[in-house]
Amino acid sequence: MTTIPRSLAEALIAHAREELPNEACGLVHELPGGGLEPHRVTNVARSPYRYEMDGLEQMRLEEAREARGERLFAIYHSHVATEGRPSPTDVRMAFFPPGAVDSEPMYPEALYVLVSLAQEPPPVRAFRIRRGGEVAEEPVEVAEGR
Amino acid sequence: MAVKVYVASVIQKAVGDQKQLEAEGSTIAELIDDLESRYPGFRAHVSDESGALHRFINVYLNDEDVRYLKGAETALSEGDSVSFLPALAGGR
């Protein structure tokens with residue numbers, strides 16, 4: 001079970017809506033004190049069916065995490081009209097080279113968070129993608145407050 | 001031509017767990033050759049089976065995407081900085 005504050009769930013949903021008709025994407029950092037901070041990243045694919053994070057923004061965020069002692073808590077994106085669970089492409093792309101599912105995923109510690117706009121209110125769901133391409137849902141509890 | 005190389009966390013294991021290192025080359029392709037000679041297996045982290053830069057690897061020369069320069073043939077100068085970063089991507 002993962003607990004996230006309502007303010008974070010709302011921030012991810014707001015980002016997903018603002019990016020329509022395209023998929024939204026970003027990262028959530030865990031601060032040394034345990035707080036969670038969302039960072040929007042430009043979807044350079046600009047597509048309702050795909051996302052690809054802007055690499056320079058992604059690199060700057062990695063540098064910021066290292067400089068501030070933060071951890072990559074989650075990699076999030078939206079599905080605009082389909083269920084909020086990782087698609088076969090999402091699973092393939094969790095590995096590098098893409099589809100190398102027999103190796104460790106690129107970010108084994110990070111949750112893959114999906115916001116689906118196919119339902120109202122949009123569910124925010126979290127998954128772990130493991131070696132072998134196995135997907136395990138991690139129940140998300142949304143806590144009141146910030 | 002000595003250039004600074006920055007490697008994103010997910011491929012640091014391919015270069016002996018270093019984040020930053022120096023390498024030699026007058027182009028990105030030569031730089032990859034130099035890294036491969038010192039860290040066998042590095043090429044597989046950045047190139048596809050044909051040897052071209054992988055579609056989902058981002059390579060930056062001083063913060064410019066080499067896709068918009070000359071790709072693997074982009075020329076390097078002394079003191080340049082080159083970054084390698086696998087893309088985060090997905091889709092339906």
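The values are calculated or read from the model by the stated rules, or taken from the named source; none is laboratory data. Predicted model only: the values in this text are computed from it and were never measured. Ideal geometry is used to build each Cβ from the backbone, glycine not excepted, and the neighbour counts take in all protein chains shown. Surface areas here come from the heavy atoms of the whole protein model, side chains and all, with no ligands, DNA or RNA. Shrake-Rupley method; radii C 1.70, N 1.55, O 1.52, S 1.80 Å.
Assorted remarks:
- Nonlocal amide H pairs with residue A:43, under 5 Å, H built at 1.01 Å: A:25
- Accessible-area composition of chain A, carbon plus sulfur, in percent [1.4 Å probe]: 50
- Average beta-carbon neighbours from other chains, 10 Å sphere, peptide A:51-60: 6
- Counted by Cβ distance under 13 Å from residue B:19, the other residues give a net charge of -2, where Lys and Arg count +1 and Asp and Glu count -1.
- When nucleic acids and ligands are ignored and a 1.4 Å probe is applied, residue A:17 ends up with an accessible area of around 110 Å².
- Backbone HN-Hα couplings from phi across the stretch B:63-76 [Karplus 6.51/-1.76/1.60, Hz, Gly and Pro as x]: 6, 9, 5, 5, 4, 9, 10, 10, x, 5, 8, 4, 7, 10
- Near the amide H of residue A:82, within less than 5 Å, lie the amide hydrogens of A:117, A:118, all on another chain or at least 5 residues away, with H placed in the peptide plane.
- Solvent-accessible area per residue, Å², over the stretch A:1-70 with all protein chains present [probe radius 1.4 Å]: 46
- Across peptide A:86-99, the mean count of Cβ atoms from other chains lying within 10 Å of each residue's own Cβ comes to 4.
- Remark on residue A:74: its backbone amide H falls under 5 Å from those of A:28, A:111, a criterion applied only to residues 5 or more positions apart or on other chains, H modelled at 1.01 Å from N.
- Between chain A and chain B, the total buried accessible area stands at approximately 2500 Å², from heavy atoms with a 1.4 Å probe.
- Charge dipole (debye, nearest 20) of the stretch A:1-97; +1 at Cβ of Lys and Arg, -1 at Cβ of Asp and Glu: 160
- Whole-percent carbon and sulfur share, accessible surface of chain B, 1.4 Å: 48
- Helical runs assigned H by DSSP (4 residues or longer) give chain B a calculated mean residue ellipticity at 222 nm of -4500 deg cm²/dmol, each run adding -39500 (n - 2.57) before division by the residue total.
- For the protein assembly as shown, radius of gyration divided by Kirkwood radius, i.e. Rg to Rh on alpha-carbons: 0.99
- Ellipsoid semi-axes in whole angstrom, largest first, where each is sqrt(5λ) of the Cα gyration tensor of chain B: 18, 16, 13
- In sequence order, the stretch A:21-26 has phi-based couplings of x, 9, 6, 9, 8, x Hz under the Karplus curve 6.51 cos²θ - 1.76 cosθ + 1.60, θ = phi - 60°, and Gly or Pro positions carry x.
- Size of the stretch A:1-129 as Cα extents on the principal axes (Å, biggest first): 36, 35, 30
- Two-site FRET efficiency, residue A:134 against residue A:81, from Cβ-Cβ distance with R₀ of 22 Å, rounded to 0.05: 0.30
- Heavy-atom accessible area, 1.4 Å probe, ligands and nucleic acids excluded: residues of the stretch B:1-35 down by at least 20 Å² from chain alone: B:6, B:9, B:10, B:19
- Each label was represented as a point 7 Å from its Cα along the Cα-to-Cβ direction; for residue A:103 and residue B:73 these points are 2.8 nm apart.
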